[in-house]
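First comes the structure, then the notes that go with it.
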Amino acid sequence: MTIDEKYFPGFAHQVIHTGEVDIQTWVGGHGDEAVLLLHGHPESHLTWFRVAPELAKKYTVVITDMRGYGDSSKPHGNPDHSTYSKRSMAKDQVFVMQQLGFDKFHIVGHDRGARVCHRLLLDYPDLVKSATLIDIIPTLDVYEMTTQAVATKFWHWYFYIQKEPFPETFLGARPEYFIRSNIQKKTIPGTIKKDTFPEDIVDEYIRYYSDPATVHAIAEDYRASVTVDWDMDLKDREHKFSTPLLCLWGSDGNVGRLFDVTTIWKKIATDVTGFAAEGCGHFVPEEKAAFTVEKITAHIEKNK
């Protein structure tokens with residue numbers, strides 16, 4: 001039994017070629033409502049192992065490895081970092097959904113995946129029925145609101161954006177240490193159980209991060225945020241978007257402790273609701289799966 005057969009029973013796997021990259025894709029469930037789930041850093045579709053099967057009982061669920069992550073393509077970044085712009089990454093996902101026959105759908109993203117979702121709903125508002133963004137505030141706000149506390153907790157944001165190959169050399173030097181410490185630093189000490197981060201899934205994250213191309217792609221993802229993405233985001237702040245937006249975050253995570261999440265999103269969106277997952281760190285889909293499923297389901301039902 002493969003790891004996907006173990007955690008995503010009934011999901012069919014396929015590789016979708018966008019013309020530029022290959023996107024690893026899994027589709028499961030049934031129903032007229034389709035929902036796309038996008039993972040964060042430095043993970044993959046496996047982020048959703050506790051959430052996707054539950055949502056699939058009611059909806060058609062699509063999970064992918066974004067470009068640069070998991071086993072999807074990892075092209076070397078262009079000098080202007082546009083290879084890993086959120087626009088390029090969002091375009092991949094729209095292509096996937098259209099190839100699968102979904103003209104309108106719901107989107108859910110955690111961490112970096114939520115940033116891709118943010119760009120997707122800006123660039124393709126007519127395709128998105130609802131958006132759920134988990135444990136983020138807009139990228140511009142993170143940088144603009146930087147304090148000593150923010151810089152300490154979000155240290156990797158400032159490390160990854162350094163010129164190649166500086167961050168790649170250091171962050172890729174000890175993959176297992178980086179992956180395990182990343183999980184430990186972003187969760188509440190003593191609360192994580194083996195079924196929250198199963199060892200075989202952690203091993204997969206280590207495998208991905210052991211590939212220098214993955215570390216480079218992730219660095220490019222962050223470099224794009226302060227270059228090409230920055231320019232796009234500034235331009236789009238001239239108007240608010242109206243897609244129904246649900247924000248979820250961990251009450252004890254960095255985002256929940258440092259920022260007023262819903263107030264910040266209401267500056268650029270007209271329809272915002274938000275909930276904190278109590279006793280939760282950064283990894284809301286893994287730490288509080290039932291909460292995540294409940295809130296996403298209610299949001300989808302409200303916005304069919």
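Readers should treat all values here as calculations from the given coordinates under stated rules, not as data from a laboratory. The shown structure was predicted, so the numbers you read here are calculated from the model rather than taken from an experiment. Neighbour counts run over all protein chains shown; Cβ positions are idealised from the backbone, glycine included.
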(request) Compute the length gained on full extension between D141 and W155: take 0.36 nm times their separation in residues and subtract their Cα-Cα distance, giving the result in nm to one decimal. (result) 3.5 nm
(message) Apply the a/c threshold of 1.5 to the C-alpha gyration tensor of the range 142-223 and tell me whether it is rounded, prolate or oblate.
(response) oblate
(message) Taking the Cα centre as origin and putting +1 on Lys and Arg beta-carbons and -1 on Asp and Glu beta-carbons, what dipole magnitude results for the range 130-211, to the nearest 20 debye?
(response) 320
(request) Kindly identify the range 3-302 as rounded, prolate or oblate by the Cα gyration tensor criterion: order the square roots of the eigenvalues as a ≥ b ≥ c, call it rounded if a/c is under 1.5, otherwise compare a/b with b/c, prolate if a/b is larger, else oblate. (result) rounded
(message) Distance between the C-alpha centers of the range 87-152 and the range 1-50? Whole Å please.
(response) 17
(message) Please report the spacing between the Cα centers of the range 243-266 and the range 163-236 in Å, no decimals.
(response) 21
(request) Would you calculate the separation in nanometres between label points at R180 and D200, each defined as 7 Å from the Cα along the Cα-to-beta-carbon direction? (result) 2.0
(message) With 10 angstrom as the radius, rank K163, K74 by how many other C-beta atoms surround their C-beta, starting from the fewest.
(response) K163, K74
(request) For A173, put the label point 7 Å out on the Cα→Cβ axis and report which residues of the range 197-230 keep their amide N under 17 Å from it. (result) 210-212, 215-216
(message) Compute, for the chain, the length of the dipole vector about the Cα centre, with Cβ point charges of +1 (Lys, Arg) and -1 (Asp, Glu) only. Units Debye, rounded to 20.
(response) 580
(request) Over 25 Å between C-alpha atoms is what I'm after, so list which of K194/K266; K86/K288; K163/K266; K57/K240; K104/K240 land there. (result) K194/K266; K86/K288; K163/K266; K57/K240
(request) For Q162 paired with T263, estimate the spin-label separation in nm (one decimal), with each label point 7 Å from Cα along the Cα-to-Cβ line. (result) 3.5
(message) Once you keep just the Cα pairs under 8 angstrom separated by 6 or more residues, what percentage relative contact order results for the chain?
(response) 20
(message) Among I218, I179, P189, which residue has its Cα furthest toward the positive end of the charge dipole of the range 169-222, with +1 on Lys/Arg Cβ and -1 on Asp/Glu Cβ?
(response) P189
(message) Sort R50, R115, R207, R237 by Cβ crowding within 10 Å, fewest neighbours at the top.
(response) R237, R207, R50, R115
(message) Placing +1 on the Cβ of each Lys and Arg and -1 on the Cβ of each Asp and Glu in the range 3-302, which of G10, S73, G274 has its Cα farthest towards the positive end of the resulting dipole?
(response) G274
(message) Quick check on the range 3-302: of the DSSP beta bridges with both residues there, what percent are antiparallel, nearest 5%?
(response) 30
(message) What does the extension gain come out to for I188 and H76, with contour length at 0.36 nm per residue minus their alpha carbon separation?
(response) 36.8 nm
(message) Looking at the chain, identify the longest residue range that excludes and avoids all GluC sites (Glu not before Pro) in DSSP loops having at most 15 other Cβ atoms within 10 Å.
(response) 21-237
(request) Could you calculate the FRET efficiency of D211 with N303 from 1/(1 + (r/R0)^6), where r is the beta carbon distance between them and R0 is 45 Å, rounded to 0.05? (result) 0.75
(request) Specify whether the C-alpha gyration tensor of the range 68-148 places it in the rounded, prolate or oblate class, a ≥ b ≥ c being the square roots of the eigenvalues: rounded for a/c under 1.5, otherwise prolate if a/b is larger than b/c and oblate if not. (result) oblate
(message) If I model a spin label at Q98 and K6 as a point 7 Å from the Cα along the Cα→Cβ vector, what separation in nanometres do I get?
(response) 3.7
(request) Go through V128, G250, F283 and say which Cα lies farthest out towards the positive end of the charge dipole of the range 3-302; charges sit on Cβ, +1 for Lys and Arg, -1 for Asp and Glu. (result) G250
